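Working notes, structure below.
The values are calculated or read from the model by the stated rules, or taken from the named source; none is laboratory data. Note that this is a predicted model, so its numbers are computed, not measured. Here the Cβ positions follow ideal geometry from the backbone for every residue, glycine too, while neighbour counts run over all protein chains shown.
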Amino acid sequence: MDVISSSFKTYNIWFEISGVEVGQHLYWQIGGLQIHAQVLITSWVVIAILLVSVIIAVRNPQTIPTDGQNLFEYILEFIRDLSKTQIGDEYGPWIPFIGTMFLFIFVSNWSGALLPWKIIELPHGELAAPTNDINTTVALALLTSVAYFYAGLSKKGLSYFEKYIKPTPILLPINILEDFTKPLSLSFRLFGNILADELVVVVLVSLVPLVIPIPVMLLGLFTSGIQALIFATLAAAYIGESMEGHH
Amino acid sequence: MASTVMATKPIALAKASPSLSPRKISIRAQAKPSSTSIPNLKRLTSKLLFSVPSIAMLAATPLPALAEMEKAGLFDFNLTLPIIAIEFLLLMVALDKLYFSPLGAFMDARDAKIRAELSEVKDTSAEVKELEEKAVAVMRAARAEIAAALSKMKKEMTAELEVKLAEEQARIELELAAALNNLEKEKEEALRVLDAQIDALSEEIVRKVLPTT
């Protein structure tokens, strides 16, 4: 087991820091089921960041906003605009869902890229963005699925299911398939983007550390922000589509 | 360089060895079977970091004591999924109570207030027009008043002036009459004196002209 430790005593500290373990998780056990603890821990950190910053910024709202309040007003207006464009006039009740989706994914992705998680050493696996785990992204995608089903059913009742035969009944299999591909594509798009970005950065850092990986890291910040936007926009679009009125 | 990349901490080495899957991409060697010699490892890892044969070879090694750790990998679904879903829903409720609802209501109230003030300003422009008309009417009345007062004053002044004028005229006429009277008297006196002188003169002329006999 420890043959290598005795043989490779001259390993470089930089390579130790820049290594990555993909597919390695820190396991906790509840009952007979396992949990990826590193995902839970980082998600708690993301939630803490969100709640603390919101509480601090939105205390005592002023008519002429301060900097923090201005930022959060901008974010809220952005989310409202996004929801209104995709869902239409009844976008009010859906703002918390779309907003939380956007903020959670955005802060997760950026925390994974910007915060120095590697400082905290786990006994097994490592800390990274919570969205680099398939469980997180599939959970979010399934929630979106449930949300748009709920939207359609609550607005139209059982006549919601008429949409499966809407243009022509020949498209019924395709429409049913759509209900599976929507969450699948949502989850895999996010998962693939975030995990692959992390991997690329780590490989580059392990090969050519210091300055060279920085453009890739900046690209990673950009694309992870876009991914949050895309996820939220598509969720809103699916909800809007299922709430669409009669043609 | 490849060999130093493959170096890992001893602890990670021992615990990580059983957790392999064919799809796992690894930069570090996750297990080091005792049978593998160092030159063998160097040869393998010098080809590609992600070479499948190396992973397959590592996967085929006998698993050490941590056998109860299940096969991990990228597609490892477990209790994490519902836990994250529940966390997300709780976060959604919390953010709604703390951020979306209060700030949204505040922003809407501010917008409504601004809009109300704006429409108020538009309304007061009608009021302003009313006030303007009133002002114009007041100005007109004032001007009329002033004109009336002016004309009245003018009339009074002219009346006074005429009275004065008449007085002066009367005085002047009196003086004129007196002067004329004086002149007449002096004329008569002069005539009388002349008459007397004429008589004397004519006597002298007759004496001088007629021979004295």
Query raised in the report: Quick one: how many residues across the range A:193-247 are out of contact with any helix residue (DSSP H, G or I) (no Cβ under 8 Å at 6 or more places or on another chain) and within 30 Å of A:Y160 (Cβ to Cβ)?
Result: 4
Query raised in the report: Regarding A:T100, is this residue in a helix (DSSP H, G or I), under 25 Å from A:L140 (Cα atoms) and more than 8 Å from chain B (Cβ to nearest Cβ)?
Result: no
Report task. Check whether at least one residue in the range A:107-115 is more than 16 Å from A:A235 (Cβ to Cβ), within 11 Å of another protein chain (Cβ to nearest Cβ) and either buried (at least 22 other Cβ atoms within 10 Å of the Cβ) or under 18 Å from the mean Cα position of the chain (by Cα) (or both), and report yes or no. Result -> yes
Report task. Output the qualifying pairs, or none if there are none: Cβ atoms under 8 angstrom, residues six or more apart or on different chains, first residue in the range B:81-108 and within 7 Å of chain A (Cβ to nearest Cβ), second residue outside any helix (DSSP H, G or I). Result -> B:I83/A:I35; B:P102/A:P61; B:L103/A:P61; B:F106/A:P61
Query raised in the report: Can you tell me which of A:W117, A:W94, A:W110 is within 21 Å of A:V200 (Cβ to Cβ) and at pLDDT 90 or above?
Result: A:W110
Query raised in the report: Are any residues in the range A:116-174 part of a loop (DSSP other than H, G, I, E, B), of a type outside the set (D, E, K, R) and more than 13 Å from the chain's Cα centre (by Cα), and if so, which ones?
Result: A:P116, A:I120, A:L122, A:P123, A:H124, A:G125, A:L127, A:P167, A:T168
Query raised in the report: Going by the structure shown, is A:V205 surrounded by 13 or more Cβ atoms within 10 Å (Cβ to Cβ) and modelled with pLDDT under 90?
Result: yes
